[in-house]
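Everything below concerns the one structure shown next.
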Amino acid sequence: MDSEIDVDTIQNAVSSMLEAFGEDPKREGLVKTPDRVARMYEELLAGYRTDPIVMVNDALFDVEYDEMVVVRDIEFYSLCEHHMLPFIGRAHVAYIPKGRVIGLSKIPRVVDMFARRLQVQERMTRQIGDFINELLHPQGVAVVVEALHLCSMIRGVKKHDSRMTTSTMLGAFRTDLALRMEFLDNISRGAQPLHF
């Protein structure tokens, strides 16, 4: 999306929803709710308006290193595109450079760029892997995302402890089982449980 979020339309929609719920949008506690919700969505959906070129900001470096680089336990939050309820979790990202590395802070920013959109976890996982693969042209990229989904915790099946794990393995991580196992071993050590 190239344009800014349409705050007025969101505010009007929230006012209409409040009325549809049987509430009075002019009630003291709700008067500012449409504005708060519009500003919240501006923040939660900022990934649509993130320029990946500006985000990377020339943080690509020529380095002779060809071993695995892993950034694990990257916390994120996103909104499920089916119910617009949050899902939160951790992403674990690895790549094997081919003469080029990316600045450490940029990998969590890549995760955030894709998480801060209406999403499904499967697509988000693939987008993270594809973006890093296209940016660096490494020997391989691996992404594992684990998340708790509020849409299955507070509605529907109401399962509080269920979590979803998705993965994308590209290049050497797809073809080399030992490499894949090394990555999975790296991200399994010392991981703390996810909690809301």
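The values are calculated or read from the model by the stated rules, or taken from the named source; none is laboratory data. Predicted, not measured: the structure shown is a model, and the values here were computed from it. Here the Cβ positions follow ideal geometry from the backbone for every residue, glycine too, while neighbour counts run over all protein chains shown. Quick note on the areas: whole protein, heavy atoms, side chains included, nothing else; ligands and nucleic acids left out. Shrake-Rupley method; radii C 1.70, N 1.55, O 1.52, S 1.80 Å.
General observations
- Among (1) among the aliphatic types (A, V, I, L, M); (2) closer than 12 Å to Gly89 by Cβ; (3) modelled with pLDDT of 85 or more - the single one Leu194 does not satisfy: (3)
- Condition check for Lys98: within 23 Å of Arg180 (Cα to Cα) and at pLDDT 95 or above: yes
- Checked against (1) in contact with a Pro (Cβ under 9 Å, 6 or more places away or on another chain); (2) buried (at least 19 other Cβ atoms within 10 Å of the Cβ); (3) free of Cβ contacts under 8 Å to residues at least 24 places away in the same chain, Gln127 passes all but condition (1).
- Leading residue by the ranking (most open to solvent (accessible area, probe 1.4 Å)) among those in segment 135-182 that are of a type in the set (D, E, K, R) and touching a residue at least 12 places away in the same chain (Cβ under 8 Å): Arg174
- For Arg126, the test of being under 18 Å from Val54 (Cβ atoms), modelled with pLDDT of 95 or more and within 11 Å of the chain's Cα centre (by Cα) is failed.
- Test: Val71 is over 21 Å from Arg49 (Cα atoms), modelled with pLDDT of 95 or more and touching a strand residue (DSSP E or B) at 6+ places or on another chain (Cβ under 8 Å): yes
- If only residues of segment 60-88 that are acidic (Asp, Glu) and assigned to a loop (DSSP other than H, G, I, E, B) are counted, the one that is nearest to Glu4 (Cα to Cα) is Glu81.
- Top-ranked residue in segment 3-59 [being acidic (Asp, Glu) and assigned to a loop (DSSP other than H, G, I, E, B); ranked as most open to solvent (accessible area, probe 1.4 Å)]: Glu28
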